[in-house]
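Can you read through this structure? Questions will come right after.
The values are calculated or read from the model by the stated rules, or taken from the named source; none is laboratory data. All of these numbers come straight from a predicted model, not from anything done at the bench. Note: ideal-geometry Cβ built from the backbone for every residue, glycine included; neighbour counts use all protein chains shown.
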């Protein structure tokens, strides 16, 4: 019996070794613009884990080379030149400067290396593919979930909208989708729009002024919750900082569910958010890398291969898997 078991184990080991040998090496260079927050660490980890998972299923053994530009476009260009010199099979880059990355895209193309822009696109040259988040769908799903929450509570929403920088297409898409859902459902309306230019100080002063001007407001939509401490401060100043179920609760819908918003979500202050999803974006990036490596069409839309976020509420925030803003400190 022992001899049989040893023989079986040996056979399985040989099969596993043969399967590993059968995997085709796929050298991927990943150029990060910065590594200043937990988001970049999460992206790196998720890309590696998805590369192993999807890669094995597709017959590839991912070999990653990762470098960081430290917010310097010249250094990023040099880093990408190094990846080209190393002879990687695919380059994926989060551009620090969308206007400068085109030079690197051209250099990679001349070397016969496919180039994927990640999260931040290029305004100076067309890459082989772009992978990012679907900002329109994120606001659409948030609006739909928010409308259902208000409906169940018997509330008609009169909302202040904290807009992002209106030269940022993500901010434009989020405002568009949010207001389209409001009109389609009739469950909430935007009574005042507050441009913030993604400035935390304007989140605070803008919301403070809006609450004074529109005391009838009972809800807020934030185009991003990266500046959530400013939102909280404005609500506290207006005596409207209270969790769901309390009379002074201000109904809150946000985008991204970034680190600053996780605890307020867990406490019931934020009613719904859709994630700027590092995990989903990594999944999509690896899918696109594999398609390109196979010389297949990655089947992106006109704006690229866009990963959808996940809707999160206080009831699900502690259990939803691979939520980087909760798990990475």
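Go through (1) closer than 18 Å to residue 150 by Cβ; (2) surrounded by fewer than 24 Cβ atoms within 10 Å (Cβ to Cβ) for residue 211 and report which single condition fails.
That leaves (1) as the condition not met.
Determine whether residue 196 is crowded, with 23+ Cβ neighbours inside 10 Å, free of Cβ contacts under 8 Å to residues at least 40 places away in the same chain and farther than 17 Å from residue 141 by Cα.
yes
Which residue pairs have Cβ atoms under 6 Å apart, sit 6 or more places apart or on different chains, and have a first residue in the stretch 141-167 that is in a loop (DSSP other than H, G, I, E, B) and a second that is surrounded by fewer than 21 Cβ atoms within 10 Å (Cβ to Cβ)?
From the stretch 141-167, the pairs are 164/198; 165/197; 165/198.
Consider the stretch 200-227. How many of its residues are within 18 Å of residue 248 (Cβ to Cβ), assigned to a helix (DSSP H, G or I) and in contact (Cβ under 8 Å) with a residue 40 or more places away in the chain?
So the answer is 3.
Do we have any residue at all in the stretch 176-189 that's within 15 Å of residue 256 (Cβ to Cβ), modelled with pLDDT of 95 or more, in contact with a helix residue (DSSP H, G or I) (Cβ under 8 Å, 6 or more places away or on another chain) and not in a loop (DSSP other than H, G, I, E, B)?
yes
Tell me which residues, restricted to the stretch 50-88, are in a loop (DSSP other than H, G, I, E, B) and either within 21 Å of the chain's Cα centre (by Cα) or at pLDDT below 95 (or both).
Passing the criteria: 69, 70, 71.
Every residue in the stretch 105-124 that is surrounded by 19 or more Cβ atoms within 10 Å (Cβ to Cβ) and either assigned by TED's automatic domain parsing to the domain that holds residue 170 or without any contact (Cβ under 8 Å) to a residue 12 or more places away in the chain (or both), please.
Once the filter is applied, which keeps residues that are surrounded by 19 or more Cβ atoms within 10 Å (Cβ to Cβ) and either assigned by TED's automatic domain parsing to the domain that holds residue 170 or without any contact (Cβ under 8 Å) to a residue 12 or more places away in the chain (or both), the stretch 105-124 yields nothing.
Conditions: (1) closer than 30 Å to residue 130 by Cβ; (2) free of Cβ contacts under 8 Å to residues at least 40 places away in the same chain. Residue 264 meets all but one. Number of the miss?
Condition (1) is where residue 264 drops out.
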